[in-house]
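Reviewing the structure listed below.
What follows is calculated from the coordinates using simple rules that are stated; it is not laboratory data. Just so it is clear, the structure is predicted and the values come from calculations on it, not from any experiment. Cβ placement follows ideal geometry from the backbone for every residue including glycine, while neighbour counts extend to all protein chains displayed.
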Amino acid sequence: MKSAAILISGRGSNMRALVEARTGLDVRKVISNRPEAGGLDWAKERGIATAVVDHQAFTDRESFDAALASEIGSADFVLLAGFMRILTEGFIRRFDRRMLNIHPSLLPAFPGLHTHRRALEAGVKVHGCTVHFVTPELDSGPIVIQGAVPVLAGDTEATLAARVLEAEHRVYPQAARWLAEGRLEVKADGAVEVRGVARSAERLVSPPEER
Ligand code: GRF
């Protein structure tokens, strides 16, 4: 069985979805850069090893990333789940093709922060989330799967975020399952092939009622 470390910074609902979905990955450790991250308690209660690597205790990104790598140890994969730190290029290269992130927008639209607010301001009618391999350029690695949701009249940042989060909890476990099964291959042009998954539609997940 392949193993994974999950990195969080906060409540950890994506971590929870990944653990509960039984993706075929052995979640060896949950690591947070914030001691107060709510997700840590949930993981501990389930008997999952946890660790805190508090970024405030480090003077530079390199030493923080070195401590993080040592906590990750020999895990096969790293899953970023609401992990709010920029990682160094060296760290990212170390986990090349072995590290996924979930981002709350349909990339390449709205990389960075405050994605729901920006989507509302832009007036888009469709929004969502993206699971991608992590590369040195922020929020722009090869895309594995996306979840799309409608933007509805009267939406606020909070209602839109909640709708997107539901999609996140469906697509991230799917991506992790493919990773565990060794199905993901990044082609020379940067596109991700999911071996054995014929229909490309399965990689754009819409809300159940709209399928
Ligand atoms: C999610 O919306 C994720 O996409 C973003 O941060 C949020 C984390 O939520 N990167 P949670 O900690 O997984 O509940």
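What to note about this one:
- Measuring r between the beta carbons of residue 97 and residue 59 and using R0 = 45 Å, the FRET efficiency lands at 0.90.
- Computed from point charges on the beta carbon alone (+1 for Lys and Arg, -1 for Asp and Glu), the dipole magnitude for the stretch 1-95 about its Cα centre is near 280 Debye.
- A straight chain from residue 36 to residue 137 at 0.36 nm per residue would run longer than the Cα-Cα distance by 33.5 nm.
- Residues in the stretch 127-147 reached by a label modelled at residue 191 [backbone nitrogen below 17 Å; 7 Å Cα→Cβ]: 133, 141-146
- Where labels lie 7 Å past Cα in the beta-carbon direction, separation of residue 46 and residue 206 in nm: 3.1
- Cα centroid separation - the stretch 71-89 against the stretch 1-56, whole Å: 11
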